[in-house]
Amino acid sequence: MTQIFIRFLIGGVFVSAFALLGDLLKPKSFAGLFGAAPSIALATLILTLKTEGRQYAATEARSMVAGAIAFFVYASFASWLMMRFRLKALYVAVGSLALWFSTAFGLWYVWIR
Amino acid sequence: MQVKISASASTAWHEYAIRFLFGGVITAIAGIIARQFGPGIGGLFLAFPAIFPASVTLVEKHEKEKKEKAGFPAGSRGRKAAAVEAAGTVLGTIGLMAFALSVWRLLPSHPAWLVLAVSTLAWLVLSALLWVVRKRI
């Protein structure tokens, strides 16, 4: 339980720090880069390195490549929907998450499993 | 073509609290999933778009409020701003792939702190380069 709480705190701090950086930068398209900052990855990998070691962390990073490809597909689709149809950002961002899950797990199934 | 640092007066503390909460929850969930199903599945969540929905929603809200405060009808201005932010995130995800590849390949044979620092730099440099190239096209 303590481990989970520590993960929660460190993850929150990293994500907030990168979000703050993104908010401080202009133009918006450059600030948008920080929407894909490796904040959760850094928080998780630092903790994993402490508790499980390098090999375990490297295995997580390998799967993260698939997760990042899925993020690319998801963000491209969401961006296209917003540009093309001017839909409400929240609906597009949440509604398209199914695409992240299907791409990430699809890649895991064919490449990593 | 310039990148500027501006005061973040438009972001309220509760909006950072929401991001903190999202980031914390996803990091905790990634840890639980890795423990339950192994690092192969858990690692996928290291690139979960945790703050993307919150970020684009806040950008849309702020742009809409800014326009209305100036006495103009907001129209689709907020949604356009959110789409521009999302287009930037697409470029950031390419940098994120480079980060993951770098950690995966370098971590077993190099000091961990160095690998994380170099990989974070790789994310930033590649993302920024792609942004510059895209701006010029």
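The values are calculated or read from the model by the stated rules, or taken from the named source; none is laboratory data. Here the structure is a predicted model, which is why all the values come from computation and not from measurement. Every residue, glycine as well, gets a Cβ built from its backbone with ideal geometry; the counts of neighbours run over all protein chains shown.
Going by the structure shown, is A:ALA36 farther than 13 Å from B:GLY43 by Cα and in contact with a Gly (Cβ under 7 Å, 6 or more places away or on another chain)? Yes: the conditions hold for A:ALA36.
Of the residues making up the stretch A:60-105, not one is among the basic types (Lys, Arg) and under 13 Å from the mean Cα position of the chain (by Cα). Among the helices (runs of 4 or more DSSP H) confined to the stretch A:1-96, the ones with at least 1 residues that are within 18 Å of B:PHE22 (Cβ to Cβ) and polar (S, T, N, Q) are located at A:2-24, A:39-51. Among the residues of the stretch B:80-103, those identified as free of Cβ contacts under 8 Å to residues at least 24 places away in the same chain, under 17 Å from B:ALA117 (Cα atoms) and surrounded by fewer than 24 Cβ atoms within 10 Å (Cβ to Cβ) are B:MET97, B:LEU101, B:SER102. Among the candidates A:LYS26, A:LYS50, the residue that is surrounded by fewer than 19 Cβ atoms within 10 Å (Cβ to Cβ), facing another protein chain (nearest Cβ under 7 Å) and out of contact with any helix residue (DSSP H, G or I) (no Cβ under 7 Å at 6 or more places or on another chain) is uniquely A:LYS26. When the test is whether a residue is at pLDDT 85 or above and surrounded by 21 or more Cβ atoms within 10 Å (Cβ to Cβ), B:ALA17 does not pass it. When the stretch B:60-79 is limited to residues that are surrounded by fewer than 24 Cβ atoms within 10 Å (Cβ to Cβ) and at the interface with another protein chain (Cβ under 7 Å from one of its Cβ atoms), the one that is nearest to the chain's Cα centre (by Cα) turns out to be B:ARG79.
Within the stretch A:5-31, the set of residues being among the basic types (Lys, Arg) and either in contact with a strand residue (DSSP E or B) (Cβ under 6 Å, 6 or more places away or on another chain) or not assigned by TED's automatic domain parsing to the domain that holds A:LEU42 (or both) comprises A:LYS26 only.
Look at B:ALA34 and say whether it is touching a Lys or Arg at 6+ places or on another chain (Cβ under 8 Å), at the interface with chain A (Cβ under 7 Å from one of its Cβ atoms) and not charged (D, E, K, R). No; evaluated as a whole, the condition is false for this residue. On the basis of being assigned by TED's automatic domain parsing to the domain that holds A:TRP100, more than 16 Å from B:SER55 (Cβ to Cβ) and aliphatic (A, V, I, L, M), does A:MET1 make the cut? No, not satisfied. Filter the stretch A:74-86 for residues that are surrounded by fewer than 23 Cβ atoms within 10 Å (Cβ to Cβ) and at the interface with another protein chain (Cβ under 7 Å from one of its Cβ atoms); which is farthest from B:THR93 (Cα to Cα)? Out of the qualifying residues, it is A:ARG86. Within the stretch B:33-49, identify whether any single residue is buried (at least 16 other Cβ atoms within 10 Å of the Cβ) and not in a helix (DSSP H, G or I), and answer yes or no. Looking through the stretch B:33-49, at least one residue is buried (at least 16 other Cβ atoms within 10 Å of the Cβ) and not in a helix (DSSP H, G or I).
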